[in-house]
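This is the structure I want to talk about, given as structure tokens.
Every number in this text was worked out from the coordinates using simple rules, so none of it is lab data. This one's a predicted model, so the numbers in the text were calculated from it and none came from an experiment. Here the Cβ is made from the backbone with ideal geometry for all residues, glycine too, and neighbour counts use every protein chain on show.
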Amino acid sequence: MEASSLALKVYLILGFELAVLYGCMFFVVRQCKKAFYANTTFLGISFAEAVNQNRQTDIAIVQSNGTTHFFFFLILFAIFSLWAATAVIIFSTSFIQIVFMTLSAIGYGLVIGFIVMDMDENDGMTGLKLATLTSAAMFIVVAVTGINFANPIFITIVTALILILLFSEFVSMFKKISRGYARKKAIAGIITFSLSLLVSISSVNISADQGLNNWDTAISHAFDMYLNIINIILYFLELMGNS
């Protein structure tokens, strides 16, 4: 009973944040397409028509100093809100935690929406679908198998994979990498954060067994899952962008 009660709180929070995240993504994609076909701008951003290898229309963002500054501050807002959400998860009240988590969802939703438009949006939408299916599959795996993935051995493996991935990302910041390497890194990221999501899902039952059935605990678990899902989305977009 404790497990189902805590899980309900966790998935209620996670569902709301993902609704905000995906809502902002699709809002940006829709408004960009609307602006393109109306031959106007969206948030001061102009668009041009291109054609991808499959002869599909690709709506491209016209790069300018204005768009560069806009994307810089938008990404800065998304990162800052995520860091702030991480901090308040530890030190603040439930209401403040939800507020900053929602601001993070808005920021990353907008950023991901523009990433989809900046790449071939046809591939971007495919990446979003694959990321959604992969995330959903992790919940199904835990529910069907009943395996506790939040065990010390599995957590150690996932932690090691995340550290290796972080090192790979650090190297790629200072060294030009090939498209093949970028694809391999993206696949590694998808696998790593999918496994991490399994740990986050299984952790809910462990907290419930320990009697930790409160909103602060639920927000913490929902935030862990939320971070994993964002990373899965970003790595799928990176994979599709380098395909």
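Computed from these coordinates, which is mean projected area of the Cα convex hull in nm²: (1) 12.4; (2) 14.4; (3) 28.0?
Among (1) 12.4; (2) 14.4; (3) 28.0, the one calculated here is (2).
Got a sec? How would Val20, Val116 order by Cβ neighbour count within 10 Å, fewest to most?
Val20, Val116
Still on this structure, please answer the following. Compare Gly66, Gly124, Gly23 in a GNM of the chain, Cα atoms joined below 10 Å, and give the one with the largest fluctuation.
Taking springs between Cα atoms under 10 Å, the residue moving most is Gly66.
By how many nm would the segment from Thr126 to Phe95 lengthen if fully extended, with 0.36 nm per residue of separation less the alpha-carbon distance?
Between Thr126 and Phe95, full extension yields 7.7 nm more.
Give the angle, between 0 and 90 degrees and rounded to the nearest 10, that separates the Cα long axis of helix 179-209 from the longest principal axis of the Cα atoms of the chain.
It works out to around 30 degrees.
What is the gain in length, in nm to one decimal, between Tyr181 and Ile153 on full extension, counting 0.36 nm per residue of separation less the C-alpha to C-alpha distance?
My answer for the length gained is 7.2 nm.
Moving on to the next point. Multiply the residue separation of Phe70 and Phe26 by 0.36 nm, subtract the distance between their alpha-carbon atoms, and state the gained length in nm to one decimal.
Answer, rounded to one decimal: 14.0 nm.
Report the residue, chosen from Val204, Val144, Val99, that carries the largest GNM mean-square fluctuation when the chain is represented by alpha-carbon nodes joined by springs under 10 Å.
For the chain, modelled as a Gaussian network with Cα springs under 10 Å, the answer is Val144.
If you rank Tyr108, Tyr37 by fewest surrounding Cβ atoms within 10 Å, what's the result?
Least crowded to most crowded, the residues run Tyr37, Tyr108.
Counting only pairs 8 or more residues apart or on different chains, how many lysine pairs in the chain have their Cα atoms under 23 Å apart?
8
Could you work out how far helix 121-145 tilts from the main Cα principal axis of the chain, as a 0 to 90 degree angle to the nearest 10?
Tilt of helix 121-145: around 10 degrees.
Please work out the C-alpha center-to-center distance from segment 89-122 to segment 57-86 and express it in whole Å.
Using only Cα atoms to place each centre, the spacing works out to 12 Å.
While we're on this one: Under 5 Å between amide hydrogens, which residues at least 5 positions from Asp58 or on another chain qualify, with H placed 1.01 Å from N in the peptide plane?
Under 5 Å from the amide H of Asp58: Ala50, Val51, Asn52.
Something else now. Angle between the Cα long axis of helix 94-118 and the longest principal axis of the chain, 0 to 90 degrees, nearest 10?
On a 0 to 90 degree scale, this one is about 30.
Set the Förster radius R0 to 30 Å, insert the Cβ-Cβ distance between Leu212 and Ile164 as r into 1/(1 + (r/R0)^6), and round the FRET efficiency to 0.05.
0.45
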